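Worksheet for the structure shown next.
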Amino acid sequence: RELGAIVDTKLQTEAFEKSLKDGFIPWLDGCKLLRRNVKLGDSVIDYLLERNREMIYLEVKSAVLRDGKHAMYPDCPSMRGRRQIRDLIRHTGGGGLGILLFIAALPEVEAFKPNREADPEVYKLILEAERRGVKVKSISIHYDPRDRSVLLSNPDLRVLLDRYS
C-alpha cells in the first residue's frame, strides 16, 4: 500500500497537537498546551506546555529527509534552528525544562537521526542539547491516501545520537 510523506509543517503541527490533546504521546502524558509561538531568549519556540505546574518549552522540527529507514533533520543549514536549540540549552542550563521534538513525517521509518552533513553546527548543538538536559524526542506520522488521513505511526520513535562525535 502506498503511504505518503507530510511536508506541510502546518499539518505536522496539527497532527502533533491532536495527538497531545488526545493523550496518544505517553511521554507527554499530563501535559497541557498553554501557548504557541513563545519567546525564549532570542528565539520563538513552538510551544509552552504545562505539567504539574512545571513549564516546558517544546520546539518542533520537521524531519522529512530520508536515509533508508531513518528520518533526518536538517535538510539544509538552519540559522534559526541553531538559535532555537541554543536558547533551549540556555533555558535547561538555568534549571528550566526543554524538549526538542523531531516529527518524522515519513512512512515506514524506524528511527530519527540528526543530519551531520547538511549543517554540522546543528548536529553538534543537538548532541550538546541532549548532554545538557534538553530532552531530544521524536514521533513519526504519515499520510494514508486511502482515507485521506494523517496517522501517528509511532509516538516515541527511536532517536539515534552519535555521542562519540
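Considering only residues in segment 115-126 that are of a type in the set (Asp, Glu) and not in a helix (DSSP H, G or I), the one that is nearest to Lys21 (Cα to Cα) turns out to be Asp119.
Considering segment 127-163 alone, what residues qualify as being assigned to a loop (DSSP other than H, G, I, E, B) and either of a type outside the set (D, E, K, R) or crowded, with 16+ Cβ neighbours inside 10 Å (or both)? Scanning segment 127-163 gives Gly133, Val134, Pro145, Pro155, Leu157, Leu160, Leu161. Restricting to segment 64-78, name every residue that is of a type outside the set (D, E, K, R) and either crowded, with 19+ Cβ neighbours inside 10 Å or within 14 Å of Ala105 (Cβ to Cβ) (or both). Across segment 64-78, the qualifying residues are Val64, Leu65, His70, Ala71, Met72, Tyr73, Pro74. Tell me whether segment 77-90 contains one or more residues that are among the β-branched types (Val, Ile, Thr) and in contact with a Lys or Arg (Cβ under 8 Å, 6 or more places away or on another chain). So far as segment 77-90 goes, yes, one or more of its residues are among the β-branched types (Val, Ile, Thr) and in contact with a Lys or Arg (Cβ under 8 Å, 6 or more places away or on another chain). Reported count of residues in segment 115-165, each being of a type in the set (A, V, I, L, M) and under 15 Å from Ala104 (Cβ atoms), is 11. Only residues that are touching an Asp or Glu at 6+ places or on another chain (Cβ under 8 Å) and more than 23 Å from Asp22 (Cβ to Cβ) were counted across segment 127-162, and they come to 3. Looking at this structure, is Leu49 more than 13 Å from the chain's Cα centre (by Cα) and either at positive phi or surrounded by 13 or more Cβ atoms within 10 Å (Cβ to Cβ) (or both)? Against the criterion (more than 13 Å from the chain's Cα centre (by Cα) and either at positive phi or surrounded by 13 or more Cβ atoms within 10 Å (Cβ to Cβ) (or both)), Leu49 qualifies.
When the criteria are applied in full, Pro107 fails the requirement of being surrounded by 15 or more Cβ atoms within 10 Å (Cβ to Cβ) and in contact with a Lys or Arg (Cβ under 8 Å, 6 or more places away or on another chain).
None of the figures in this text is laboratory data; all of them are computed from the coordinates on show. Since the structure is predicted, the reported quantities are computational estimates derived from the model, not experimental observations. Cβ coordinates were reconstructed from backbone atoms using ideal geometry, including for glycine residues, and neighbour counts include every protein chain displayed.
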